[in-house]
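The values are calculated or read from the model by the stated rules, or taken from the named source; none is laboratory data. Given the structure is predicted, the values throughout are model-derived calculations rather than measurements. Positions of Cβ are generated from backbone atoms using ideal geometry, with glycine treated the same way; all protein chains shown enter the neighbour counts. The accessibility values were calculated without ligands, DNA or RNA, using every heavy atom of the protein model including side chains. Shrake-Rupley method; radii C 1.70, N 1.55, O 1.52, S 1.80 Å.
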Amino acid sequence: MRIVFFGTPQFAIPTLEKLLAELQFQVVGVVTQPDKNRGRGNKLSPSPIKELAVAHNLPIWQPARIKKDPETIEALRQLGADLFVVVAYGQILSQEILDLPKLGCINVHGSLLPQY
């Protein structure tokens, strides 16, 4: 199964690691927030998910506003993903993006959600 992973913070790491460890899953790309200035020196730093993706030689996209980035949307379309997995990505995905994967999208959320 071809999967594109969307995530940014440390919270998303265990999910991506699990997907990478399972032989039936092929993570074909990662979408994360752009690098940000952090720390005492205000140094430009990658997100925890980007660091993991780099360590696994995965293709990475970091659009500032994914809904307004036709190049990223086209790249995602070209991947032919079966599933998108979203964990604390940090942006709302448009219906156009949600409709790209053959099997849809799964959103892992860190809090208990209401029934509706």
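Taking Lys and Arg as +1 and Asp and Glu as -1, the other residues whose beta-carbon sits under 13 Å from that of residue 38 total +2. Neighbours of residue 4, meaning other residues whose beta-carbon lies under 11 angstrom from its beta-carbon, give a summed charge of +1 when Lys and Arg score +1 and Asp and Glu score -1.
Please report the antiparallel percentage of DSSP beta bridges with both residues in the chain, rounded to the nearest 5. Antiparallel bridges: around 15 percent, rounded to the nearest 5.
Taking all Cα pairs closer than 8 Å and separated by 6 or more residues, the relative contact order of the chain comes to 30 percent.
Shape of region 1-104 from the C-alpha gyration tensor: oblate (a/c of 1.5 or more and a/b not above b/c, with a ≥ b ≥ c the square roots of its eigenvalues). Taking other residues whose beta carbon is less than 13 angstrom from the beta carbon of residue 53, and scoring Lys, Arg as +1 and Asp, Glu as -1, yields -2. Largest mean-square fluctuation among 71, 96, 51, in a Gaussian network model of the chain whose springs join Cα atoms under 10 Å apart, belongs to 96. Test of understanding: in a Gaussian network model of the chain with alpha carbons linked when under 10 Å, which of 39, 80, 90 would top the mean-square fluctuation ranking? Residue with maximal mean-square fluctuation among 39, 80, 90: 39. For chymotrypsin sites (Phe, Trp or Tyr not before Pro), no site in region 52-90 is both called loop by DSSP and has at most 14 other Cβ atoms within 10 Å.
Computed extension gain for residue 103 through residue 79, at 0.36 nm per residue and net of the alpha carbon distance, reaches 7.3 nm. Give the carbon-plus-sulfur fraction of the accessible surface of the chain in %, rounded to a whole number; probe 1.4 Å, heavy atoms of protein chains only. Accessible surface attributable to carbon and sulfur in the chain totals 55 percent.
Straight-line reach from residue 68: taking Cα to Cα under 23 Å and skipping same-chain neighbours fewer than 8 places apart, the lysines in range are 36, 50, 102. Once the 1.4 Å probe is applied to the protein heavy atoms, the chain comes out at 61 Å² accessible per residue.
Measuring r between the beta carbons of residue 64 and residue 24 and using R0 = 25 Å, the FRET efficiency lands at 0.15. Here is the list for region 28-116: trypsin sites (Lys or Arg not before Pro) lying in DSSP coil, each with at most 12 other C-beta atoms within 10 angstrom of its C-beta, are 40, 65, 102.
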